[in-house]
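K.L.:
The structure that follows is given in the form of structure tokens.
Since every read-out is calculated from the coordinates, none of them should be taken as a lab result. Keep in mind it's a predicted model, so treat the numbers as computed, not measured. Note: ideal-geometry Cβ built from the backbone for every residue, glycine included; neighbour counts use all protein chains shown.
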Amino acid sequence: MWDERSRRLTILAVIVASVIGVLVLRLVWMQLVQGVQYKKTAEQNRTRQITAQAPRGTFYDRNGAVVVANRPSFAVSIIINDYSQPQAATPLLASITGLAVDEINQMIQSNAEFPYTPVRIKRDADDAMIAKIQERQAYLPGVIIEAIPVRHYVYKELAAHVLGFVGSISQEEYARRKSQGYHPDDLVGKDGLEREWEDVLRGIDGGKKLEVNAGGEEVRSLGDQPAISGQGLALCLDANLQKAAEEALATQIEDSRKLGEPAKGGAVVVLDVKTGGVLVMASNPSFDPNLFAGGITSRNWNQLIANPNYPLNNRAIQNAYPPGSVFKVVTAAAALEMNLTTPQEIFEDKGVYVLNGWSFYGWDTKGLGKLTVIDGLGWSSDPVFYELGRRLGADNLAAYALTFGLGQKTGIKLAGEENGMVPYIEWKQATYGEPWYPGETLIAAIGQGYYLVTPLQQALLLMAVANNGTIYKPMIVDKVLTPEGNLAEKLTPEVLRTVNLRPEVWDTLHQGLLAVTTRGTGASVFRGFVRPVAGKSGSSETGRGTTHSWFACYAPADKPEIAMAVLVEEGGEGSMAAAPVTRRILEAYFGVPQKALPPATKTD
């Protein structure tokens, strides 16, 4: 009997010892191995780290005017760890903010790895929304109101395609930037300079550490780390000149429509010929990037993408068009440089040019008479350039177009730039399975057919002539500034390419382009202007019975400062639509009073 009792006591002792051993081992595990994690959890239950969003860097124009800044606003945010009643709170929150329940749930799920970082479900909340949240705070545990900066585009639509806008970070962007401290509900640059300079513009978030009680209520502050603003950008852009360009372009588009032209939009590019600095880059129609600053609504987004004239497209670099008669600059340069003509040769413009039994008409079917190549540029004679095109051949013409940079991206630091198109004989065979026909060379020589250019490329073409061959890479940003506004980096102008032509060829081109505004197709528009202007009008056919209006120039003609290209899309002839816009912009640039323009002469 005692042996049985002893055996049972021994078993009980072993069990007790085993339990105690397990408890000791568990205690050791919790204290030594997982102690840091439990301490962290306990600390998190006791404290809250509230992030303070850093303001993005400020944009200044070339004269120091602020064009993009930040304004104070409020956001409705959720602290996930404190959001204890989602089944009841989320429908209520959705009804107040106008968001769908699924949207809120998705935002919470995406930020699940940051349980104590505010998830900003509604940025730029108005006073009424904030009041409703505060009135129902007891039913919305974990919902807070944050003061955050919101992007502010001071002049609304002005230069919107250049400045860009911000938007919610995508999953791909977050995966790429997570290691840089980004969160799933952050805003990032989505277009324009906001996108291209994201790494510079983004600041360093700050925040404050709070001690809270068991109910999650704030007890006291344990520290405050101020946010650091992002670096700023000093632009080459001139806001006053940009405004003048946009107004002149918009006015002309309306005038063209009154005359029965579709006039779907347009673009203006103005460049500093000595640096490549972009003084103006305008695209019409435009949009207000402030719509995106606090999160664009579905209604506003649908209105933008449903607009048949595509206001989000930057026509200056993202759309390509037939260059029209502006391309005659390339044709003349190639023929002169290859000694296929001379400045003294006389051509006969009879209004029609016949090749292999096919008739190719000029814009003046009565004929312009006897002309030199300088006259041919001045009066934009099609028959003169048909003949030069025949002498050159398609591939020589293409080679010189490529030399001037057509058919290639300029490298401007903006997304979505188009290459344009420079066609040649093998390209057509490979693309269409057809031979190149002789008549297509004639059409190409006057900037029609397969050739396509962007307005920026047209401006660079005129820069090349102004500089006797030097083409600078277009640059929009001049300086990077510290958050305090001091110089952090000065960007250096970069030569993009050099076109090597004989001095006498450049001189002939200068004379021909000056003839345009003094006695040729643009003379009526530029009559009486205070500075000499060298330019070229162009009217490029769309194939739909409409015409794009071009004018490209540099000024002053005797000592060039700027090069410019103006496009009025489906606006009519070059001298009728684009040339008057050019005159208005030059008046603004040189600071001369506007005068009523005489009626433009109907020309190419």
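K.L.:
Quickly estimate the mean residue ellipticity at 222 nm for the chain, helices only: each DSSP H run with n ≥ 4 gives -39500 (n - 2.57), and the total goes over all residues, rounded to 500.
P.N.:
Working: 22 runs with 221 residues, N = 604.
So the calculated ellipticity at 222 nm is -11000 deg cm²/dmol.
K.L.:
Hey, can you rank 266-278, 466-478, 305-317, 169-181 by average C-beta count inside 10 Å, highest first?
P.N.:
Working: 266-278: 25.2, 466-478: 21.1, 305-317: 17.6, 169-181: 12.5.
Averaged packing, sorted descending, gives the order 266-278, 466-478, 305-317, 169-181.
K.L.:
Follow-up question, since we're still on this one. Hey, got the dipole for the chain? About the Cα centre, +1 on K and R Cβ, -1 on D and E Cβ, debye to the nearest 20? Write down the numbers at each step before the final one.
P.N.:
Numbers: 58 positive and 64 negative charges, 209 e Å.
The calculation lands at about 1000 debye.
K.L.:
Further, regarding this structure: Mind ordering 527-536, 580-589 by average Cβ neighbours within 10 Å, highest first?
P.N.:
Numbers: 527-536: 19.8, 580-589: 23.8.
Per-residue mean Cβ counts within 10 Å order the peptides as 580-589, 527-536.
K.L.:
Give the relative contact order (percent, whole number) for the range 239-590; include only Cα pairs under 8 Å separated by 6+ residues.
P.N.:
Details: 776 pairs, mean separation 82.6, N = 352.
The normalised contact order for the range 239-590 reaches 23 percent.
K.L.:
For the range 232-303, what percent of Cα pairs sit more than 13 Å apart?
P.N.:
Working: 1849 of 2556 pairs.
Beyond 13 Å sits 72 percent of the P(r) for the range 232-303.
K.L.:
Quick check: the angle from helix 394-403's long axis to the longest principal axis of the chain, C-alpha only, nearest 10 degrees?
P.N.:
Computed tilt is about 50 degrees.
K.L.:
Also, quick follow-up: What are the ³J(HN,Hα) couplings of the range 524-535, residue after residue, when phi is run through the Karplus curve with 6.51, -1.76, 1.60 and θ = phi - 60°? Round to Hz, x for glycine and proline.
P.N.:
Residue by residue, the range 524-535 yields 5, 6, 9, 4, x, 5, 6, 10, x, 10, 10, x Hz.
K.L.:
How high is the relative contact order of the range 223-376, in percent, counting Cα pairs under 8 Å that sit 6 or more residues apart?
P.N.:
Details: 149 pairs, mean separation 21.7, N = 154.
It rounds to 14 percent for the range 223-376.
K.L.:
Which whole-Hz couplings ³J(HN,Hα) result when phi for each residue of the range 138-148 is put into the Karplus expression 6.51 cos²θ - 1.76 cosθ + 1.60, θ = phi - 60°, listed in order with x for Gly and Pro?
P.N.:
5, 9, 10, x, x, 9, 10, 10, 10, 8, 9
K.L.:
For the chain, compute Rg over Rh where Rg is the Cα radius of gyration and Rh is the Kirkwood radius from the inverse mean 1/r over Cα pairs. Please report the intermediate quantities before stating the final value.
P.N.:
Details: Rg = 33.4 Å, Rh = 28.0 Å.
For the chain, the value is 1.19.
K.L.:
Per 5 Å bin, what percent of the C-alpha pairs of the range 148-302 does each bin hold, from zero upward?
P.N.:
2, 8, 13, 15, 15, 13, 12, 9, 5, 3, 3, 2, 1, 1, 0
K.L.:
Return the aspartates and glutamates within reach of Lys209: Cα separation strictly under 17 angstrom, same-chain partners fewer than 8 residues apart disregarded; answer none if there are no such residues.
P.N.:
Glu43, Asp82, Glu146, Glu217, Glu218, Asp224
K.L.:
Using Cβ contacts closer than 10 Å as the measure, can you line up Leu377, Leu336 from fewest to most? Write out the running numbers ahead of the final one.
P.N.:
Numbers: Leu377 29, Leu336 23.
Ascending number of Cβ neighbours within 10 Å: Leu336, Leu377.
K.L.:
Can you bin the range 445-525 into rounded, prolate or oblate? Criterion: square roots of the alpha carbon gyration tensor eigenvalues sorted a ≥ b ≥ c, rounded for a/c under 1.5, prolate for a/b above b/c, oblate for the rest. Display every interim value, and only then the final one.
P.N.:
Values: a/c = 2.21, a/b = 2.13, b/c = 1.04.
In terms of gyration-tensor shape, prolate.
K.L.:
Starting from the Kirkwood Rh over alpha-carbon pairs, what translational D in µm² s⁻¹ does the range 239-590 have by Stokes-Einstein at 20 °C and 1.002 mPa s?
P.N.:
Answer from the Stokes-Einstein relation: 104 µm²/s.
K.L.:
Further question on the same structure: Which order, highest average first, do 99-110, 399-410 follow once you tally other Cβ atoms within 10 Å for each residue and take the mean per peptide? Intermediate values should be presented prior to the final figure.
P.N.:
Details: 99-110: 14.9, 399-410: 20.1.
So the order, starting with the most tightly packed, is 399-410, 99-110.
K.L.:
Can you give the Rg/Rh ratio of the range 245-394, where Rg is from the C-alpha atoms and Rh is the Kirkwood radius? If you can, show how the numbers build up before the last one.
P.N.:
Numbers: Rg = 21.3 Å, Rh = 19.0 Å.
So for the range 245-394, dividing Rg by the Kirkwood Rh gives 1.12.
K.L.:
Over the chain, calculate the relative contact order: mean separation of alpha carbon pairs under 8 Å at least 6 apart, over the residue count, as a percent. Don't jump to the answer; show the numbers that get you there.
P.N.:
Working: 1300 pairs, mean separation 86.1, N = 604.
Rounded, it is 14 percent for the chain.
K.L.:
Could you state the per residue volume, in Å³, of the convex hull enclosing the Cα atoms of the range 431-579?
P.N.:
Values: hull volume 29.0 nm³, N = 149.
Expressed per residue, the convex hull around the Cα atoms of the range 431-579 is 195 Å³.
K.L.:
Sorting Val154, Val453 on the 10 Å Cβ count, fewest up front, what's the list?
P.N.:
Values: Val154 15, Val453 32.
By the 10 Å Cβ count, ascending, the order reads Val154, Val453.
K.L.:
Okay, next question. Beyond 32 Å between alpha-carbons counts as too far, so tell me which of Lys190/Lys258; Lys473/Lys559; Lys264/Lys350; Lys243/Lys350; Lys264/Lys490 fall in that bin. Please list the in-between numbers first.
P.N.:
On the way: Lys190/Lys258 36 Å; Lys473/Lys559 20 Å; Lys264/Lys350 34 Å; Lys243/Lys350 43 Å; Lys264/Lys490 38 Å.
Result: Lys190/Lys258; Lys264/Lys350; Lys243/Lys350; Lys264/Lys490 exceed 32 Å.
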